[in-house]
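Written below as structure tokens is the structure these notes are about.
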């Protein structure tokens, strides 16, 4: 029974309305699992590729016997917190097990598992130079020459090279160039933003061990000698206003952030993910705390991801 003036588009009863409500509900979207198979010539950069992916939060398995690929792929899940981005390094180090790889790849396709093959390669002369620099034998060299092992490996991997979805020639790439290419071409993430930590500290307790840059603000008048401020900290408005109101304090914070901007750009270019800026005063309670917050605020205004930490606060 329908009352006059009611909206007929709405469900009349709760049971009848459940399908409509279910249809309108938005389920959380999870990215589909991603499987990368990293392979290629020994010495061409497989390990560096794996490390670059691990830095991007991929789950990486090195020197995996191919037979275990299918089982590992079935363990992947799109759910948050599960393994949904898996990179497996598979190469001739697995010796006789490596012969199973082609059939395993076909099996993965048959069971509906999508994957990409990333093949790392380099010129023979560059591979020889790299092996000689680390003074290690090629895994297929045996009693022969280094070039014999490289030639045999090329023959074994020829079919995989043809099947590769991504081919990276590392002959002229530095380790940083390779990591950058993996981020851009393989993971599709490009340069990640820096994660900055600005930490206050007291010089009398020692420098932070992980500091990349140290800022000394002991040139500012110490609020400790102001009776009304002594019991407060740089987090309190009265102390913050006092410190930043001192001659040159605001200008120092502005100029410091201007000066460090090209340094941070360089860190991004060199793939340095974490940077710690340590701001120190005598005890780490007043000046350094207020200046830490001021510098962090200016860095955030420039689009940086910044957290603050006050190491020695409450230590006195």
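Per-residue Cβ neighbour counts within 10 Å put 197, 49 in the sequence 197, 49, beginning with the fewest.
Compared with the direct C-alpha span, the chain from residue 124 to residue 307 gains 61.2 nm at full extension, assuming 0.36 nm per residue.
Between residue 102 and residue 212, the FRET efficiency estimated from the beta carbon spacing at R0 = 51 angstrom works out to 0.60. For the chain, adding -39500 (n - 2.57) for each run of n ≥ 4 DSSP H residues and dividing by the number of residues yields -11500 deg cm²/dmol at 222 nm. Going by neighbour counts of Cβ atoms within 10 Å, the residues 58, 225 line up, fewest first, as 225, 58. The equivalent ellipsoid of the stretch 80-144 has semi-axes of 31, 16, 11 Å, largest first, where each one is the square root of 5 times an eigenvalue of the Cα gyration tensor. Highest mean packing comes first when the peptides 88-94, 66-72 are listed by Cβ atoms within 10 Å, giving 88-94, 66-72.
Along its principal axes, the stretch 34-186 has C-alpha extents of 47, 33, 24 angstrom, given from the largest down. Candidates (i) 19.9; (ii) 24.6; (iii) 26.0; which is the computed Kirkwood radius over Cα pairs in Å? After the calculation, the listed value that fits is (ii).
Remark: C-alpha extents of the stretch 197-316 on the principal axes read 48, 27, 20 Å, sorted largest to smallest. You can think of it this way: the chain between residue 271 and residue 68 has 69.8 nm of extra reach, that is 0.36 nm per residue less the Cα-Cα gap.
With N set to the number of residues, divide the alpha-carbon radius of gyration of the stretch 203-269 by 2.2 N^0.38 Å and report two decimals. Working it through for the stretch 203-269, the quotient is 1.36.
In the chain, Cα pairs under 8 Å separated by at least six residues give a relative contact order of 18 percent.
In plain terms, the chain from residue 133 to residue 315 could stretch by 60.5 nm, reckoned as 0.36 nm per residue minus the Cα-Cα distance.
Paramagnetic label reach from residue 254 (point 7 Å along Cα→Cβ; backbone nitrogen cut-off under 19 Å): within the stretch 284-299, residues 291-299.
Values in this text are rule-based calculations from the coordinates and carry no lab data. Model, not experiment: these values are computed from the prediction. Note: ideal-geometry Cβ built from the backbone for every residue, glycine included; neighbour counts use all protein chains shown.
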